[in-house]
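Data first, discussion second: the structure below is written as structure tokens.
No lab work stands behind these numbers, since they all come straight from the coordinates. Keep in mind that what you see is a predicted model, and the values were worked out from it rather than measured. Cβ atoms come from the backbone with ideal geometry, glycine included; neighbour counts cover every protein chain shown.
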Amino acid sequence: MWACKPQITDKKYLVGFSQCTSFDSWRKTMQSEMQRELSFHGDMQLVIKDAQGDNDAQNKHINELVEMGVDLLIISPNEAEPVTRSVDQAYRSGIPVILIDRKTNSNFYTAYVGANNYKIGKIAATYIASLLDGQGKVLEIKGLKGSTPFIERHNGFRDQIKAFPQIEVTEIEGEWGGEETARKRFVELMQGGNSFDLAFAHNDIMAYAAYESYRELSPGGSLEIIGVDALSGPGGGIDYVTSGILKASLLYPTGGDVAIQIASDILHGRPYNKDNELVTTVIDSSNVHVMRMQTNKILAHESDINRLAERIDQQRVVYKNQQYILYVIAVLFVISALSFAFTLKLLRERREINKSLKKRNEEVSRQKAEVMEMSQQVNKANQSKIQFFANISHELKTPLTLIQGPLDELHSSNTLTGFMKKDLELAQRNVRRLTGLVNQLMDFQKIENGRMKVRASKTELVGFLKEITDSFRNLAKKGRYTLIFDSREDRIDLWVDKTMIDKVFFNLLSNAFKFTPPGGTIKVILLPVPEKNEVVIQLTDTGMGMSKDQRARAFDRYYQGDDSRADGTGLGLALSRELIAMHDGTIEISSQKDVGTTFEVRLKMGDSHFSEEQLSSDGDQLVNDHEIEDGFGYEDGVEASMADHEFTVLIIEDNQELAAFLKRKLAESYKVLWAKDGEAGVTLAKEQIPDLILSDLMLPKLGGRDILAKMKSDVRTAHIPFIIMTASSSEEERVEGVREGADDYITKPFSFRFLSERIKTTLANRAKLREHYLHEIPSDQSQRSEGKLNKKFVNDFTAVVEQNIADQSLDVNVICESLGLSRIQLYRKVKAMLGYSVNDYITTVRLKKAKYLLSTTDKSIGEICYEVGFSSPSYFSSTFKSKFDISPSEYRQNRANS
């Protein structure tokens, strides 16, 4: 099988041939020679594209062959100049290029195959001179004007014929092709009264056309005609010479076989010649019979070769079919052998498997014992964790009680101002909030420790849930919510633990208000389902909704979605599910992003699902005393204080109580703006251009670091100082924040006094930087600014002013158009960075330049006035004196005296 394996080359080479035209016998002979030679090169495939004498088509074909990924190009240019660029591009792209018969106007080719057309022209001239004995009239019928064979044959002919001054030459263009073209122009010339002793045509086709035309015009004439090509076979030049139609024809070999041989040498890395000249000779009556005999033999051999090639192809097909059969038989034999070996292997493995299974059983038993031991250790660790949370919760309750007592006592005092009472109320609410979180942790500890017991009593559910819902009425009214309670029955008796169910629905309603924007709708609907012996309670809101991932993890402990508020803990829903599960009920969630959320609680009717220990006859269980926090009173983005202060501070904080506290405190010294999420903060910063931004790190929609990146990458806001507030005290986070461009990093909880001093210090440092710009601009811009964007803005702004300083029409609109900023953005940016208004800055620069010109030049005050952009000398003088307390002329005199 190995011996019969054919020697197949690793690669099949694709050769592209761009033929200028194939209408004549000479071109067809070239392609036949190529195809015959290809039969000896099994690793080469030829793709032929015929341009049919169109230069544009040939350029297109060359580009198509390059895009096909050919390994080598053979090109016979139609005309030299039009296709030179395409050939050069193909060559420069790394594709070898062989030019055949014709050349281009450059040397960017790999090899050339063809006869020496210049030599053919000279041979023709010498032969004609000998026939005419050095004198007479000759008609030259030329080929296509732009092709290299025409150019070279014509030049060779003209250069050689100059040696015979008695020979007069007349030229017409036959354009290779065309018998009709050559015939028409020959007839026009002869009908004009011209006569010739001999005609020299650049190929046999045009020579035959001249012969036919002359025979019609002068039946008894004796014009001798010479052509070029000397093809064999009927209608070829040799046949014309034999029959006396032509006096002679110069042999012009096609070179198709030589081109394929050279292509094979190039592709296989063998040596080759760049210029390959084909031999030529004159064929006339003295040697035409010998040449005809030789060409006939060659044609016969070519026919034999073609038949042999066909037979070889047939044998290859038979051989390949036999080879496939042999392969199939071999594969079947191998499969049979492998099957036998595999069967023996299976028998052996079966015995080994039985042994290993016995060992595995022993190993599994040992591992099971280890798992049991590890499980006990994990249980101990969980108990330790539960005990730790319980201890922490109990420890927190004592200091919270000690804080709550003095706060309540202080709040009842009559000596407090309104602001002081608000601060105390804020502290009291947050103490109660911490107490609620501690209670939730203790509830989880009780559930995991098995110490939380259901004490179910018979409860009138409609009134019970309506009472919980009504406790949110004031909050709904304040936030313009539509709060709906609906029950299909006036009375539903259900066995529940009131304390637990109160916690569940109070938590669900709190979440609904928290995540529903003001003006939304919240519904509580009771649906008894007698056929299933259960009650369904649905709580629906029109809030922000949840994504698929958020819904899947909504009941996980400590989980908070990307859109959750920063003051949440992720405990409420997890605790609610545990409490409902203790009632042998279910709680499910359905939600759609930006549409709303529905929680559905299903509780069983009757008491058969409770044990006797879980039932209580006491219907007056203690219900949790919750405090509802509204969190309203401020609109997003509204200026909390717009008193007449110098600086503006933008607060970006989603916790409304903290935001209200900061706004009230900072309003004493600054104009204050507020945004409750990152996107609103970025928009407000770009619109208002504040002097400082104070932002939380964890925000809805856009985090603090993302806001910082947007601010520092925008030329309008890059100069604004940025202070980050965060609950994290990680040093890595602080370093990362400062590296990203934050001016300060404040860790919660923080002292307001400390925050106030940091704001003052940051604004003072920015004022010093502005003074730096005031002193350095416009005379020196080499100093470094605080940041690249700030420096770029200052450089761009001052460049526009200084380049247009002599233009009296320079104003804010011109500068805005040059810098791509709005008027308000330009005003605020220049004021923040330079301390000037735009117009004041332009005036200052003009006056500084005027002082310089007054000191260093002899120009008149009027000339200086117009050079620095003032409209009149009088206005210039008054402005100068107003700025420097001295007139321009006095200033120049003082400088001269000093």
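Please give the FRET efficiency for N533 paired with K466, using the beta carbon to beta carbon distance and R0 = 22 Å, rounded to the nearest 0.05. It comes out at approximately 0.45. Its residue count N fixes a reference of 2.2 N^0.38 Å for region 227-301, and the Cα radius of gyration divided by that reference is 1.33. Could you give the nm distance between label points at S106 and Q135, where each point is 7 Å from its Cα heading toward the beta carbon? Each label point is offset 7 Å from its Cα along the Cβ direction, giving 5.1 nm. Here the simple spin-label model places points 7 Å from the Cα toward Cβ, and for D858 and V66 these points are separated by 6.6 nm. Dipole orientation for region 51-200: of the candidates N55, I75, N116, N116 has the Cα lying most toward the positive pole (charges on Cβ; Lys, Arg +1; Asp, Glu -1). Each principal axis of the Cα atoms in region 57-122 has its own extent, and those three values, largest first, are 41, 20, 15 angstrom.
Comparing S669, I724, Q656 along the charge dipole axis of region 648-776, the residue lying farthest to the positive side is S669, per the Cβ-charge model. Taking every C-alpha pair closer than 8 Å and separated by at least 6 residues, the mean separation divided by the residue count of region 114-224 gives a relative contact order of 30 percent. For region 648-776, the spherically averaged projection of the C-alpha convex hull amounts to 7.7 nm².
Note that region 190-251 carries a Kirkwood radius of 11.6 Å, evaluated over its alpha carbons pair by pair. A crude spin-label estimate for the pair L344 and E817, with each label 7 Å from Cα along the Cβ direction, gives 9.6 nm.
Using only the C-alpha atoms, the convex hull of region 35-150 corresponds to 131 Å³ per residue.
You can think of it this way: the chain between A330 and Q808 has 162.3 nm of extra reach, that is 0.36 nm per residue less the Cα-Cα gap. For region 279-367, report the % of Cα-Cα distances exceeding 24 Å. Roughly 68 percent, rounded to a whole number.
Given in Å, the Rg to one decimal and the Dmax to the nearest whole number for the Cα atoms of region 453-614 are 15.6, 46. For V47 and L217, the FRET efficiency from 1/(1 + (r/R0)^6), where r spans their Cβ atoms and R0 equals 41 Å, is about 0.35. Sites listed here are GluC sites (Glu not before Pro) in region 668-697 whose DSSP assignment is loop and whose Cβ has at most 16 other Cβ atoms within 10 Å: E668. The percentage of C-alpha pairs in region 788-897 whose separation is greater than 25 Å is 28%. Entry note, region 453-614: relative contact order of 24 percent, from Cα contacts under 8 Å with a spacing of 6+ residues.
For region 13-112, the relative contact order is 30 percent, taking Cα pairs closer than 8 Å that sit 6 or more residues apart in sequence and dividing their mean separation by the residue count. Of the trypsin sites (Lys or Arg not before Pro) found in region 239-312, the ones in coil according to DSSP and having at most 11 other Cβ atoms within 10 Å of their Cβ are K274.
In the structure shown, the pairs K760/K851; K122/K184; K665/K831; K686/K760; K368/K548 are assessed against 31 Å; a Cα-Cα span above that value is assigned to K760/K851; K368/K548. Computed packing ranks the peptides 318-329, 839-850, 186-197, 142-153 as 142-153, 839-850, 186-197, 318-329, most packed first, by mean other Cβ atoms within 10 Å. What Kirkwood Rh does region 16-99 have if only Cα atoms enter the pairwise 1/r average? Answer in Å. Computed over region 16-99, the radius equals 13.0 Å. For the cross-link pairs K514/K712; K498/K523; K49/K162, the ones whose C-alpha atoms lie over 30 Å apart are K514/K712; K49/K162. Our estimate of slack between N474 and K12, defined as 0.36 nm per intervening residue step minus the Cα-Cα distance, is 157.8 nm.
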